[in-house]
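Input: a single structure, listed below in structure tokens.
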Amino acid sequence: MAFIEAENVYKLYPAKRSLIGKPKTFIHAVDGVSLTIDKGSVVGLVGESGSGKSTLGRLLVAMEKPTKGRITVDGVNLARLKGRKLSETRKKLQIVFQNPDASLNPRMRIGEILSEALRVAGEEPSRDRVDELLASVGLQPGVAEQYPHQLSGGMKQRVAIARALAAKPEFIVLDEPTSALDVSVQAQILNLLLDLQEKYNLTYLFISHNLAVVHYISDITAVMYLGEIVEQGPAHILYKNPWHPYTKALISSMPLLYRVKAGITTEKVELKGEPPSPINPPKGCKLHPRCPYATEKCRREKPPEIRIGKNHTVKCWLYAKK
Ligand code: SF4
């Protein structure tokens with residue numbers, strides 16, 4: 001059952017303004033995204049930096065409002081919510097960022113950080129609840145007395161996850177939660193996240209530029225390029241049988257050893273150059289300046305979303321019926 005639904009969602013930020021302050025150009029951070037996240041599932045979102053992944057994550061937890069389009073949570077349109085109803089819904093939606101150093105107040109002890117999170121969630125904090133939160137992420141009660149700088153990177157990220165859990169959320173956006181950590185610690189945090197998901201029946205959007213990590217953790221993988229989801233499908237199918245040239249390029253550039261172990265034999269696709277600016281994105285298919293298969297039609301017209309299997313869609317003219 002769908003828990004989060006984004007329907008044709010756009011987010012534009014003003015880039016340049018005229019002398020009277022009117023926006024002249026816009027950054028097209030999210031450009032017509034539709035995405036369904038089922039209750040209890042993990043959707044992985046991959047793409048290069050600047051593709052709009054984090055902006056989409058912030059929209060889905062109501063940290064920002066879309067410029068256009070509709071986001072529903074458990075069937076309720078976020079745009080219709082105000083006041084108490086909006087803050088009640090926001091509690092269900094949490095986010096964990098890449099860098100816990102930036103999100104944990106260095107002057108507060110861990111116990112105070114978690115107590116504050118409980119208070120914000122409308123719960124009277126107690127030492128028992130703080131200890132319970134610490135235990136849920138594998139930390140000892142003594143950590144409550146420590147300051148963030150006294151903890152390792154992995155421990156700080158566990159605290160950030162515990163803080164998100166304080167509100168008893170149903171949906172968590174994990175925005176590159178392991179990217180700042182050592183490889184050995186990354187695996188521990190991923191396993192912790194999977195354990196928590198099962199224990200609390202959580203729904204995740206897991207954002208990462210690391211395709212191997214997303215392969216490991218996600219049920220559905222969505223691939224984002226310049227603000228658009230160009231392909232989405234079940235992870236076990238999409239990694240072995242990608243359709244979109246961009247997905248093929250990403251997957252075929254994964255380390256050979258990983259691909260061999262995972263049985264991934266995708267043909268190699270090499271893209272030309274770097275992604276263009278999201279301020280003035282290319283017309284038609286946004287990948288056309290870099291795509292080896294681009295045709296005149298790709299330069300002129302946006303490709304439609306084509307369904308190629310259960311929960312598997314692709315946006316590419318190569319697969320449109322003639
Ligand atoms: Fe390449 Fe054209 Fe497909 Fe875009 S629509 S990915 S340019 S073949």
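Screening ALA262 with (1) more than 14 Å from the ligand (Cβ to nearest atom); (2) open to solvent by less than 20 Å² (accessible area, probe 1.4 Å) gives one miss only, at (2). All of LYS53, LYS91, LYS85 fail the test of being in contact with a strand residue (DSSP E or B) (Cβ under 9 Å, 6 or more places away or on another chain) and more than 20 Å from ILE217 (Cα to Cα), apart from LYS85. Looking across region 92-117, the residues that are assigned to a loop (DSSP other than H, G, I, E, B) and under 26 Å from LEU59 (Cα atoms) come down to PHE97, GLN98, ASN99, LEU104, ASN105. When region 231-248 is filtered for residues that are of a type in the set (A, V, I, L, M) and open to solvent by less than 10 Å² (accessible area, probe 1.4 Å), the ones remaining, listed by number, are ALA235, LEU238.
Please verify whether LYS297 is surrounded by fewer than 17 Cβ atoms within 10 Å (Cβ to Cβ), basic (Lys, Arg) and either more than 9 Å from the ligand (Cβ to nearest atom) or without any contact (Cβ under 8 Å) to a residue 12 or more places away in the chain (or both), treating the condition exactly as stated. Spelling it out, it is not the case that LYS297 is surrounded by fewer than 17 Cβ atoms within 10 Å (Cβ to Cβ), basic (Lys, Arg) and either more than 9 Å from the ligand (Cβ to nearest atom) or without any contact (Cβ under 8 Å) to a residue 12 or more places away in the chain (or both). What is the residue count in region 68-85 for residues that are buried (at least 16 other Cβ atoms within 10 Å of the Cβ), in contact (Cβ under 8 Å) with a residue 40 or more places away in the chain and at negative phi? The qualifying residues number 3.
Of the helices (runs of 4 or more DSSP H) lying entirely inside region 144-261, those containing at least 3 residues that are touching a helix residue (DSSP H, G or I) at 6+ places or on another chain (Cβ under 8 Å) are 153-165, 183-200, 211-217, 245-252.
Mind listing whichever residues of region 305-316 are open to solvent by 50 Å² or more (accessible area, probe 1.4 Å) and either in contact (Cβ under 8 Å) with a residue 40 or more places away in the chain or over 23 Å from the mean Cα position of the chain (by Cα) (or both)? It would help to see each step written out before you state the result.
Within region 305-316, the subset open to solvent by 50 Å² or more (accessible area, probe 1.4 Å) is 305, 307, 310-311.
Across region 305-316, the qualifying residues are GLU305, LYS310, ASN311.
When LEU257 is tested against the conditions (1) away from the ligand (no atom under 11 Å from the Cβ); (2) open to solvent by less than 100 Å² (accessible area, probe 1.4 Å), the lone failure is (2).
Considering (1) within 28 Å of LEU165 (Cβ to Cβ); (2) within 16 Å of the chain's Cα centre (by Cα); (3) outside any loop (DSSP other than H, G, I, E, B), the lone condition that ARG84 does not fulfil carries the number (2). The listed residues are GLY50, GLY40, and the only one of them that is among the small types (Gly, Ala, Ser), in contact (Cβ under 8 Å) with a residue 60 or more places away in the chain, within 24 Å of LEU238 (Cβ to Cβ) and open to solvent by 50 Å² or more (accessible area, probe 1.4 Å) turns out to be GLY50. Applying the condition of being buried (at least 18 other Cβ atoms within 10 Å of the Cβ) and of a type in the set (A, V, I, L, M) to region 86-104 and asking which residue is farthest from PRO177 (Cα to Cα) yields LEU93.
Yes/no per residue for (1) of a type outside the set (Ser, Thr, Tyr); (2) closer than 22 Å to GLY44 by Cα; (3) more than 10 Å from the ligand (Cβ to nearest atom); (4) touching a Lys or Arg at 6+ places or on another chain (Cβ under 9 Å):
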position	(1), (2), (3), (4)
HIS244	yes, yes, no, yes
LYS248	yes, yes, no, yes
THR266	no, yes, yes, yes
SER277	no, no, yes, no
PRO282	yes, no, no, yes
ARG307	yes, yes, yes, no
ASN311	yes, yes, yes, no
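Of the residues that sit in region 157-180 and are in contact (Cβ under 8 Å) with a residue 40 or more places away in the chain and over 27 Å from SER87 (Cβ atoms), which one is surrounded by the fewest Cβ atoms within 10 Å (Cβ to Cβ)? Restricting to residues being in contact (Cβ under 8 Å) with a residue 40 or more places away in the chain and over 27 Å from SER87 (Cβ atoms), the top hit is SER179.
Cβ-Cβ contacts under 9 Å between residues 6 or more apart (or on different chains), taken from a first residue in region 276-293 that is under 16 Å from ILE229 (Cα atoms) to a second residue that is part of a loop (DSSP other than H, G, I, E, B) and polar (S, T, N, Q), are listed as PRO278/SER51; HIS288/THR295.
The values are calculated or read from the model by the stated rules, or taken from the named source; none is laboratory data. Just so it is clear, the model here is predicted, and its values are computed rather than measured. FYI the Cβ positions are ideal-geometry reconstructions off the backbone, even for glycines, and counts take in every protein chain you see. We work out accessible area using only protein heavy atoms, side chains counted, and drop any ligands, DNA or RNA first. Shrake-Rupley method; radii C 1.70, N 1.55, O 1.52, S 1.80 Å.
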